[in-house]
Amino acid sequence: MRLFLDTANIEQIREGVKMGIISGVTTNPTLMAKEKGVSYRDRVVEICETVNGPVSAECTARDVDGLIGEAREISAWHTHVVVKIPIDEIGLEATSILSKEGIKINMTLIFSANQALLAATAGATFVSPFVGRLDDAGQDGMEVVRESVEIFDQYHLPAQVLAASLRHPRHVIAAARLGAQIATLPYALLKAMVKHPLTDVGIERFLADSQAYEKESARSGA
Ligand code: G3P
């Protein structure tokens with residue numbers, strides 16, 4: 001399973017990349033809006049130069065021609081760019097045209113396995129079920145991941161399931177166990193995955209014991 005960061009914050013991305021565990025980034029207009037003083041294009045290019053993998057940048061046009069033009073433009077910014085397109089009729093139409101041109105699409109705002117199947121059939125490279133938002137609405141978001149993985153496997157569809165809108169560490173474990181190829185993590189979730197209170201206690205104790213041992217060795221001249 002590959003882990004992506006779900007952020008447009010360059011410091012967070014640098015941190016994740018430095019740890020050697022992040023192989024892609026997803027952004028969306030909401031995440032971009034949090035970044036001040038930098039243009040959309042400049043930030044996407046900066047992210048592409050920081051991470052050695054796919055970087056999803058979202059299209060906002062609301063007609064097929066607009067989406068196609070925007071997607072072609074965004075995808076030309078850098079070889080790492082994957083164009084994010086929300087699923088609906090115009091999104092599917094644009095995706096089926098763009099995918100034939102070799103442009104990589106991350107079809108987003110997926111809330112059902114039917115939508116995932118349509119996205120994969122239109123030629124999307126990545127299909128992004130929004131797990132947390134479904135959970136928020138009282139449904140089992142992970143069920144869409146389960147069904148999508150099963151359907152893509154059954155018919156050897158090349159699209160990859162990118163589990164998105166993940167909110168807590170158990171979401172990541174569930175997506176991994178179900179066979180989602182990618183999980184995209186908000187930075188806080190990445191930090192939460194690293195942490196365990198018993199690890200902190202263990203490190204402190206090993207440190208204290210090793211200092212006590214060094215002290216005793218020095219005292220006894222051993
Ligand atoms: O990648 C999609 C993600 O950014 C949505 O997350 O937490 O806004 O539902 P959230």
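The values are calculated or read from the model by the stated rules, or taken from the named source; none is laboratory data. Not measured: the values here are computed from a predicted model. Using ideal geometry, Cβ is built from the backbone for each residue, glycine included, and neighbour counts are taken over all protein chains shown.
For the residues Asn114, Asn52, the requirement of being closer than 18 Å to Leu185 by Cβ, away from the ligand (no atom under 16 Å from the Cβ) and either crowded, with 20+ Cβ neighbours inside 10 Å or among the polar types (S, T, N, Q) (or both) singles out Asn52.
Scanning the range 195-222 for residues that are assigned to a loop (DSSP other than H, G, I, E, B) and more than 30 Å from Pro129 (Cα to Cα) yields a count of 2. For the range 72-89, the criterion of being away from the ligand (no atom under 15 Å from the Cβ), surrounded by fewer than 21 Cβ atoms within 10 Å (Cβ to Cβ) and within 28 Å of Asp135 (Cα to Cα) is met by at least one residue. Reported count of residues in the range 170-194, each being part of a helix (DSSP H, G or I), under 14 Å from the mean Cα position of the chain (by Cα) and within 15 Å of the ligand (Cβ to nearest atom), is 7. Whenever a residue of the range 12-32 is among the hydroxyl-bearing types (Ser, Thr, Tyr) and modelled with pLDDT of 95 or more, it has no partner that is assigned to a strand (DSSP E or B) and away from the ligand (no atom under 15 Å from the Cβ) lying with C-beta atoms less than 6 angstrom away and at least six residues away or across chains. Of the residues making up the range 18-46, those that are under 13 Å from the mean Cα position of the chain (by Cα) and either more than 13 Å from the ligand (Cβ to nearest atom) or of a type in the set (A, V, I, L, M) (or both) number 5.
Kindly provide the set of residues from the range 33-66 that are assigned to a helix (DSSP H, G or I), free of Cβ contacts under 8 Å to residues at least 24 places away in the same chain and of a type outside the set (Asp, Glu), ordered by number. Quick ask: steps written out before the conclusion?
Of all residues in the range 33-66, those assigned to a helix (DSSP H, G or I) come to 33, 40-50, 64-66.
The next check asks that each one be free of Cβ contacts under 8 Å to residues at least 24 places away in the same chain; those that pass are 33, 40, 42, 65-66.
Across the range 33-66, the qualifying residues are Ala33, Tyr40, Gly66.
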